[in-house]
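Below: one structure, written as structure tokens.
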Amino acid sequence: MKKYNTAIVDIDDTLVSGFWHDEAMTPNMAVVNFVKNNIENVIIVTGRQDTMRDATVTLLESLGIKYDALLMNPEHYDKSDEFKDGIAKMLQGKIELAIDDNPDVRAIYESYGIKSIDPVDLTNDILWSSQVSFEE
């Protein structure tokens, strides 16, 4: 699998299944392991408000995610797309990959020339490659 120097990674419904207000958030281990094994510099970009920084840092530590920056939304979460657009514009040309569950956000990243991946595709690729055998 390709290694990436620098990537943007979302949290809710990407690194974890569920959202910050769900009590039953579970790690998306396919994405967690992909990030740990294939990305050198991780920039977490989340729609979570900065008031949730301590809880977010604790979550990332519990997942074993090492990151170079944690960029949190200064606005209400419904402004997440605008926040992520500004980050993509600022980091354009420096980011190789973005992993985000929101198709609108992936389209934003793509508009700045940043390859984007739906975490579901990562999960499906890993499941497919581990469960399918072409031997008879």
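The values are calculated or read from the model by the stated rules, or taken from the named source; none is laboratory data. Computed from a prediction, not measured in an experiment: that's the story for all the values here. When we count neighbours, we look across all protein chains shown, and the Cβ atoms used for this are built from the backbone with ideal geometry, even at glycine.
Overview of values
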quantity: Failed item, numbered, when residue 97 is tested on (1) crowded, with 16+ Cβ neighbours inside 10 Å; (2) modelled with pLDDT under 95; calculated: (2)
quantity: Segments classed as helices (runs of 4 or more DSSP H), wholly inside region 1-92, with at least 3 members that are closer than 19 Å to residue 120 by Cα, among the polar types (S, T, N, Q) and out of contact with any Pro (no Cβ under 9 Å at 6 or more places or on another chain); calculated: 29-38
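Let's see how each residue does on (1) basic (Lys, Arg); (2) surrounded by 17 or more Cβ atoms within 10 Å (Cβ to Cβ); (3) closer than 16 Å to residue 102 by Cα:
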residue: 40; (1), (2), (3): no, no, no
residue: 44; (1), (2), (3): no, yes, yes
residue: 47; (1), (2), (3): no, yes, yes
residue: 51; (1), (2), (3): no, no, no
residue: 54; (1), (2), (3): no, no, no
residue: 65; (1), (2), (3): no, yes, no
residue: 81; (1), (2), (3): no, no, yes
